[in-house]
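Accompanying notes for the structure given below.
The values are calculated or read from the model by the stated rules, or taken from the named source; none is laboratory data. What you are looking at is a predicted structure, and each value in this text was computed from that prediction instead of being measured. Quick reminder, even Gly has a Cβ in these numbers, built from the backbone with ideal geometry, and neighbours come from all protein chains shown. The area values use the complete protein model at the heavy-atom level, side chains included, leaving out ligands, DNA and RNA. Shrake-Rupley method; radii C 1.70, N 1.55, O 1.52, S 1.80 Å.
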Amino acid sequence: MRIKVDNLSFGYDYRTVLKNVTFSLESGDFLVIVGNNGSGKSTLIKCLLGINRVPDDKIFIDDIEIHDYRQWINIGYVPQKFDDFNYEFPITVNEILTVSKLTKIDEDQKLSILDRIGILELQNENINSLSGGQLQRVFIARALMNGPKLLVLDEPTAGVDSENIDNFYRMVNDLNAEGVTIILISHDVKTTKANFSHIMHLENGKAELTHVCEIDFGGDAS
Amino acid sequence: MIDQITEPLLLSMSFIRALFERTFMQRALITGILVGFLAPLIGSFVVIKRLSMIADTLSHFTLAGLSIGLFLLNIIGLPIGDPLYIGMIFAVSGALLIEALRSYYRNYKEISMPIVISLGTALSALFISLSGGFTSTVYNYLFGSILTVSRQFIYIITITTFIVILLIVSFYKKIVIVSFDESYARLLGINVKVFQFVTTIILGLVIALAIETVGVLLVSSLMIIPVAAAMKIGRSFKNTLIIAILFSEASVILGLWLSYVAGIPSGATIVLFNISILILVVIFKKLFSIQRVRNKQEADVY
């Protein structure tokens, strides 16, 4: 999936969070976005996902202006926190995955996703009984249900133990090798074992709340 | 001794006989079963979205519609038919008002509830007073009058039940996603606003109809309490919905029976059965988890 961001500035109320961000990605690229807390990483993602309403002609997905873009189903998203999900009400992993695909469910596909993420044995568990790391993996599985062409992961390994982090990056690298474009937000690029092709540093300008946006198109930075 | 045993039996026989012989009891049972099904079904989605107060707010706003209806009918003499229709219009407009206020106070969404509840209560007090004060009709609005429902009401509630079932079956996946995770629903291309609009209208209608069963003051309990009990023991989403409906139906039937045999108000009895089930669930859940910890400790020892 191709993405083009052209001179995007964005803020909440009176606070500017993103300033003049410009970059583009081709299908199959793997972008890691790094930066400190409050640098605007999640804000940028929300702009790309159409959650934050941006000015016209600033973001293009597959060459379509974001406000005209309708194929959101092609984008899988794993949020940083699950605050938006009302998870105290009983619902099983299976039920979440089933409703997350609006078209008819292919049971084999569902099982293979669960297997790939390593949560096959959790499929009939109520999500209230899952640990943070397990819940994270459920949401990754949910993001894969519609066979995404772009996978956006916001700090996906927070709260996940080291063994599962390795498995997670292996899976993401495999998906990327299959042609899925990946955008991964990370606190610290050194800890990621991702085979990324691009890296973006988002940094606060000193007191002016401006951002310096550097894009290294030089390939593997690991 | 014998009297103590046979008396309730005889009374319960007469309850069943009354169901066969008395039209008002049949209507009460049909209404009770339909409301007992609809209220927790809609209530589940309300609870998931953490909007439990909405039922209370809308029922108070509906009361404003009912009292304005009474005023138009009895004092002005307008042939508006049943004040219930104006109540239904108020339920729906109250629901839309809440939605509007929720998007206006984006970070303080709960403010919408006290605003609408105050408006509803103030209008009710005003128009109840203007239309002759606290009559038996007003009492029925407040505490329910399931034993006096009309044939027409049965038609309305049957049609509403079918529409609600049809909508939930047709849009099941979308309704579940929007309830659990609005942001993700948007990402899947679901028009959340349209969805909320339709859901809110249905919520308003169901509340207006449920008022006939247990009254304005108790209607929210019919939607929320069976769900509150079921969500503590449900293993999956569907399982929780089914348990909530079963609890609700049990309360309706037991409540109707006890109110008939003991000659006490039906709405209050139904709600008290609902509360009793909730308390039993909480106690059993506690006992069960204590037992489980003990078993585990014993297993660890041996």
Original post:
What number of residues within the range A:25-40 satisfy the criterion of being out of contact with any helix residue (DSSP H, G or I) (no Cβ under 8 Å at 6 or more places or on another chain) and at pLDDT 85 or above?
Top reply: 5
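Can you give me the number of residues within the range B:179-207 that are away from chain A (no Cβ under 14 Å) and either open to solvent by less than 10 Å² (accessible area, probe 1.4 Å) or touching a residue at least 40 places away in the same chain (Cβ under 8 Å) (or both)? Walk me through how you get there before you give the answer.
Filtering the range B:179-207 down to residues away from chain A (no Cβ under 14 Å) leaves B:194, B:196-207.
Now restrict to residues that are either open to solvent by less than 10 Å² (accessible area, probe 1.4 Å) or touching a residue at least 40 places away in the same chain (Cβ under 8 Å) (or both): B:196-197, B:199-207.
Total satisfying the criteria: 11.
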**OP:** Could you pull out every one of the strands (runs of 3 or more DSSP E) wholly within the range A:1-110 that has 1 or more residues that are within 23 Å of A:Glu178 (Cβ to Cβ) and within 11 Å of another protein chain (Cβ to nearest Cβ)?
**Re:** A:75-78
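Rundown of residues vs (1) open to solvent by less than 40 Å² (accessible area, probe 1.4 Å); (2) aliphatic (A, V, I, L, M), yes/no style:
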site	(1), (2)
B:Phe45	yes, no
B:Ile54	yes, yes
B:Thr57	yes, no
B:Gly77	no, no
B:Leu96	no, yes
B:Val138	yes, yes
**OP:** Go through (1) of a type outside the set (Asp, Glu); (2) in contact (Cβ under 8 Å) with a residue 60 or more places away in the chain; (3) away from every other protein chain (no Cβ under 14 Å); (4) crowded, with 17+ Cβ neighbours inside 10 Å and name the single condition B:Pro226 misses.
**Re:** (3)
**OP:** Kindly check whether there is at least one residue in the range A:91-101 that is within 30 Å of B:Lys232 (Cα to Cα), open to solvent by less than 10 Å² (accessible area, probe 1.4 Å) and not β-branched (Val, Ile, Thr).
**Re:** yes
Original post:
Before we move on, is A:Phe82 modelled with pLDDT of 90 or more and not β-branched (Val, Ile, Thr)?
Top reply: no
**OP:** List every residue pair whose Cβ atoms lie under 9 Å apart, where the two residues are 6 or more positions apart in sequence or sit on different chains, the first residue falls within the range A:102-113 and is under 16 Å from B:Leu188 (Cβ atoms) and among the β-branched types (Val, Ile, Thr), and the second residue, located anywhere, is open to solvent by less than 90 Å² (accessible area, probe 1.4 Å) and assigned to a loop (DSSP other than H, G, I, E, B).
**Re:** A:Thr103/A:Asn146; A:Ile105/A:Met145
Original post:
Out of the residues in the range A:144-168 that are at pLDDT 85 or above and more than 9 Å from the chain's Cα centre (by Cα), which is nearest to A:Leu97 (Cα to Cα)?
Top reply: A:Met145
Subject >> Filter result (more than 13 Å from B:Thr199 (Cβ to Cβ) and within 17 Å of the chain's Cα centre (by Cα)) within the range B:163-187 >> reply: B:Ile165
**OP:** May I ask you to list the residues in the range B:165-178 that are surrounded by 18 or more Cβ atoms within 10 Å (Cβ to Cβ) and more than 7 Å from chain A (Cβ to nearest Cβ)?
**Re:** B:Ile175, B:Val178
Subject >> Of all residues making up the range A:24-47, the number that are open to solvent by 10 Å² or more (accessible area, probe 1.4 Å), closer than 16 Å to A:Met1 by Cα and touching a residue at least 24 places away in the same chain (Cβ under 8 Å) >> reply: 4
